[in-house]
1. Run Gln111 past the list (1) out of contact with any helix residue (DSSP H, G or I) (no Cβ under 7 Å at 6 or more places or on another chain); (2) more than 16 Å from Glu61 (Cβ to Cβ); (3) not in a strand (DSSP E or B) and report the number of the one that doesn't hold.
2. Any chance the range 128-145 includes a residue that's in a loop (DSSP other than H, G, I, E, B), free of Cβ contacts under 8 Å to residues at least 24 places away in the same chain, of a type outside the set (S, T, N, Q) and under 27 Å from Asp94 (Cα atoms)?
3. Name every residue in the range 244-280 that is in contact with a helix residue (DSSP H, G or I) (Cβ under 6 Å, 6 or more places away or on another chain) and either among the aromatic types (Phe, Trp, Tyr) or within 16 Å of Gln194 (Cβ to Cβ) (or both), in order of residue number.
4. Just for the range 157-206: of the residues that are open to solvent by 10 Å² or more (accessible area, probe 1.4 Å) and among the hydroxyl-bearing types (Ser, Thr, Tyr), which one is farthest from Pro144 (Cα to Cα)?
5. Looking at Ser291, is it within 30 Å of Val97 (Cβ to Cβ), outside any helix (DSSP H, G or I) and either open to solvent by less than 30 Å² (accessible area, probe 1.4 Å) or out of contact with any Asp or Glu (no Cβ under 7 Å at 6 or more places or on another chain) (or both)?
6. Given the options Ile86, Ile115, Ile77, Ile99, name the one that is touching a Leu at 6+ places or on another chain (Cβ under 8 Å) and without any contact (Cβ under 8 Å) to a residue 60 or more places away in the chain.
7. Going through the range 232-255 one residue at a time, which ones are of a type outside the set (Ser, Thr, Tyr), within 21 Å of Lys165 (Cα to Cα) and part of a strand (DSSP E or B)?
8. Are any of the residues in the range 90-104 aliphatic (A, V, I, L, M), in a strand (DSSP E or B), within 22 Å of the chain's Cα centre (by Cα) and closer than 23 Å to Ala201 by Cα?
Amino acid sequence: MFLMNRISETDLILNADGSVYHLDLLPGEIADTVITVGDQDRVEGITKYFDQIEFKKARREFVTHTGRIGNKRITVISTGIGTDNIDIVLNELDALVNIDFNTRTVKTDLQRLNIIRIGTTGAVQADVPVDSLLVSASAFGLDPLMHYYQQELSNSEQSLLDAFKSALPKSYALSPYIASAGNVLLNTLGKGIQQGITITAPGFYAPQGRQVRAASAMPQLMEIIQNFKAGEQRITNLEMETAGIYGLAASLGHQALSFNIVLANRATHTFSKQPAQIMDHYIKEILEKISGEPPLIPPGRTMS
């Protein structure tokens, strides 16, 4: 019965031309493989390597290019910074493939997307070098996004989350969540790349342990993050989107993987000397991985 429920005009807003509200995209305008970036300018920095670009669209901070590398159709979309924007982007991407806009009902055969983040990050461990590439095997979210959605955690995820919560002082007003990379993407695109646990913070300064002028209410946060261990697992880096992408992707039945280009190391207080060149280098490397893979998830596969 749930699949036949009509989604209201205020729950899913469409523009006059039938495009989804924020992204300004129509069904069919996105590929099964979607690369997300935070920076609008990075979209063109990726699609300049495409063999063909079908179309370009832009609304607010959401810039979208869809095209091909060889026979591989790929969409690149900018999300802006933070998991509040991830909530918009992932829900609207899912709507484009899994909701019939004419009837406003969920389709019977649901489609899975491969969602791949390419972003920058700051390492928190001294042995994770600046200018290296890191894959998030899982992520702790310090933002509240996934508290608004139902999650199904594995026993290992729950144990890891419990361990991290236990490491936080009770005086810290934090309620972290956990989300993991899609196994298919992690074991294919992520194979052979250093992996770790990522912290997704709801801000850039105090939420990531920085001190400028406003006094932090959690002055030991960075030390706690750097010292956390659960067996062989440790936190490797900080950024602002991965946990939200992983959490929502899992809730919606999609695969997700986050590539983190390490431009700073918070333990050694070093920053990349050539960030633009390093970013371009890894963009090309990641595109080679993506375009060289066969379809990772059959596009019409039905989700349970």
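The values are calculated or read from the model by the stated rules, or taken from the named source; none is laboratory data. Given the structure is predicted, the values throughout are model-derived calculations rather than measurements. Because the Cβ atoms are built from the backbone with ideal geometry, glycine has one as well, and the counts that use them run over all protein chains shown. Each accessible area value is taken on the protein alone, full model and side chains, heavy atoms only, with ligands, DNA and RNA left out. Shrake-Rupley method; radii C 1.70, N 1.55, O 1.52, S 1.80 Å.
1. Exception for Gln111: condition (1).
2. Pass one, the range 128-145, residues in a loop (DSSP other than H, G, I, E, B): 128-132, 142-144.
Then drop every residue that is not free of Cβ contacts under 8 Å to residues at least 24 places away in the same chain, which leaves none.
The answer is no; no qualifying residue exists.
3. Let us first name the residues in the range 244-280 that are in contact with a helix residue (DSSP H, G or I) (Cβ under 6 Å, 6 or more places away or on another chain), namely 244-245, 247-248, 252, 255-259, 261, 263, 272.
Passing the criteria: Leu257, Ser258, Phe259, Ile261, Leu263.
4. Among residues in the range 157-206 that are open to solvent by 10 Å² or more (accessible area, probe 1.4 Å) and among the hydroxyl-bearing types (Ser, Thr, Tyr), the one farthest from Pro144 (Cα to Cα) is Thr188.
5. Numbers: within 30 Å of Val97 (Cβ to Cβ): yes; outside any helix (DSSP H, G or I): no; either open to solvent by less than 30 Å² (accessible area, probe 1.4 Å) or out of contact with any Asp or Glu (no Cβ under 7 Å at 6 or more places or on another chain) (or both): yes.
Against the criterion (within 30 Å of Val97 (Cβ to Cβ), outside any helix (DSSP H, G or I) and either open to solvent by less than 30 Å² (accessible area, probe 1.4 Å) or out of contact with any Asp or Glu (no Cβ under 7 Å at 6 or more places or on another chain) (or both)), Ser291 does not qualify.
6. Details: Ile86 fails: without any contact (Cβ under 8 Å) to a residue 60 or more places away in the chain; Ile115 fails: without any contact (Cβ under 8 Å) to a residue 60 or more places away in the chain; Ile99 fails: without any contact (Cβ under 8 Å) to a residue 60 or more places away in the chain.
One residue alone meets the criteria, Ile77.
7. The answer is Gln233, Arg234, Ile235, Asn237, Leu238, Glu239.
8. no
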